[in-house]
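S.K.: Once you've had a glance at the structure underneath, I'll fire off some questions.
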Amino acid sequence: MTMEKKICLLPGDGIGPEILAEGVRVLRAAAEKAGHSFSFEEALIGGAAIDATGSPLPAETVAKCKASDAVFLAAVGGPKWDGLDPKIRPERGLLGIRKELGLFANLRPALMLPELAGACLLRPEVAAKGLDLIVVRELTGDIYFGEPRAIEMRNGLRTGYNTMIYNEEEIRRIARVAFETARQRRKRVCSVEKSNVLETSRLWKQVVIEVHDADYADIELSHLYVDNAAMQLVRDPSQFDVILTGNIFGDILSDEASVITGSLGMLPSASMGADGPGLFEPIHGSAPDIAGQDKANPLATILSAAMLLRLGLHMPDEADMIEKAVRKTLQDGYRTGDIMEPGKTLVGCREMGCRVEERL
Ligand code: IPM
Ligand code: MG
């Protein structure tokens, strides 16, 4: 069956355009093999959008994303725009598109591939136990978006404040995503919060337990305070299957989980809403220091294309095909600079994309 799918491409800044080109190369090839046809449309976001239009998220970009079946994003930001007013920084583009598309569920798998076990930052005996978890991070609430927020004068002192806030429905819907995700995996959810100190977290924990007891009794649910969770992640990450947490704790823990795998350049992510297109992007940033030099690792973007196919377009076989091709490329010894080891073949961004494509 042929299906016409529209994919909106957001190359963004730094290495964004080069890695996205390889992601699209592999996506196109996988679609062709499976007899699907995709159409691609590009739009501006982040620093590139600021340079062209003055805004990190032009209205035209939002419209193009909303009209698509899936959004494929590379990376935003760079030192060029660091000095700008916070309201027009590149990051605003990213936060804005999450909110506009209602992408409340951020799925960030952290997986140590056996081919890259040597790069893992943990002690060999800890690494040997394996690392295959997924952070399910709430993405459109919490202190990121809570009101009121400001920097203002209070009692003659400059005072900054933000609001950490969740309502029960926001907690319920992300908890459901975590439990559903766990059902496809090892059936364990660890909910992470700070309920020994914060009211928001006390409600979080209560609601997660309610959702669990009502509909997901087959899933094993545990709870950790965020400081303990950060510690357990480096002590023994093999204990985790699905980590369910809020926006800011998820921001921090997902960076931690991904870096200990030793291959930040390998990890994809998906952001999903209740309906409408999902957004798929590598978890790493725009690496301005190596932009335009054909040195970047495109594999996180290519693996994001696989998530796009699986979760965004419901094409699991095509997603598997891409993931297998990536594994085969690594088994055949091809490495970009960030994951290079003695005895392997060093390739650039473009060649890595081509090597994956030829293994599809
Ligand atoms: C991420 C990033 C963003 C976030 C920034 C760039 C706004 O760190 O996707 O994790 O904090 O969510
Ligand atoms: Mg982050």
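The values are calculated or read from the model by the stated rules, or taken from the named source; none is laboratory data. Since the structure is predicted, the reported quantities are computational estimates derived from the model, not experimental observations. Every residue, glycine among them, receives a Cβ derived from its backbone with ideal geometry; neighbour counts consider all protein chains shown.
S.K.: What about residue 360, is it closer than 15 Å to residue 295 by Cβ, surrounded by fewer than 21 Cβ atoms within 10 Å (Cβ to Cβ) and more than 23 Å from the chain's Cα centre (by Cα)?
M.R.: no
S.K.: Does residue 192 meet the test of being part of a helix (DSSP H, G or I), of a type in the set (A, V, I, L, M, F, W, C) and within 16 Å of ligand 1 (Cβ to nearest atom)?
M.R.: no
S.K.: Continuing with this model, one more query. In contact with a strand residue (DSSP E or B) (Cβ under 7 Å, 6 or more places away or on another chain) and either hydrophobic (A, V, I, L, M, F, W, C) or farther than 30 Å from residue 178 by Cβ (or both): is that true of residue 62 in this structure?
M.R.: No.
S.K.: On to the next question. With the requirement that a residue be of a type in the set (Gly, Ala, Ser) and within 19 Å of residue 22 (Cβ to Cβ), what does the range 306-345 give you?
M.R.: The answer is 306, 312, 319, 325, 333, 337.
Matching residues to (1) touching a His at 6+ places or on another chain (Cβ under 7 Å); (2) within 16 Å of ligand 2 (Cβ to nearest atom); (3) within 30 Å of residue 56 (Cβ to Cβ); (4) at pLDDT 95 or above:
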| position | (1), (2), (3), (4) |
| --- | --- |
| 89 | no, yes, yes, no |
| 108 | no, yes, yes, yes |
| 129 | no, no, no, no |
| 133 | no, no, no, yes |
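S.K.: Considering only the range 254-269, state which residues are crowded, with 23+ Cβ neighbours inside 10 Å and aliphatic (A, V, I, L, M).
M.R.: Within the range 254-269, 257, 266 meet the criteria.
S.K.: With the condition being of a type in the set (D, E, K, R) and touching a residue at least 24 places away in the same chain (Cβ under 8 Å), I'd like the strands (runs of 3 or more DSSP E) fully within the range 1-102 carrying at least 1 qualifying residues.
M.R.: Because the criterion is at least 1 residues that are of a type in the set (D, E, K, R) and touching a residue at least 24 places away in the same chain (Cβ under 8 Å), the strands (runs of 3 or more DSSP E) in the range 1-102 that meet it are 4-12, 37-42.
S.K.: Of all residues being hydrophobic (A, V, I, L, M, F, W, C) and farther than 22 Å from residue 33 by Cβ in the range 341-357, which is surrounded by the most Cβ atoms within 10 Å (Cβ to Cβ)? Just the residue, please.
M.R.: 349
S.K.: Being aliphatic (A, V, I, L, M), touching a residue at least 12 places away in the same chain (Cβ under 8 Å) and part of a loop (DSSP other than H, G, I, E, B) is true for just one of 116, 122. Which residue is that?
M.R.: That would be 122, the only listed residue that is aliphatic (A, V, I, L, M), touching a residue at least 12 places away in the same chain (Cβ under 8 Å) and part of a loop (DSSP other than H, G, I, E, B).
S.K.: Please state which one of 248, 243 is within 16 Å of ligand 1 (Cβ to nearest atom), part of a strand (DSSP E or B) and of a type outside the set (Phe, Trp, Tyr).
M.R.: 243
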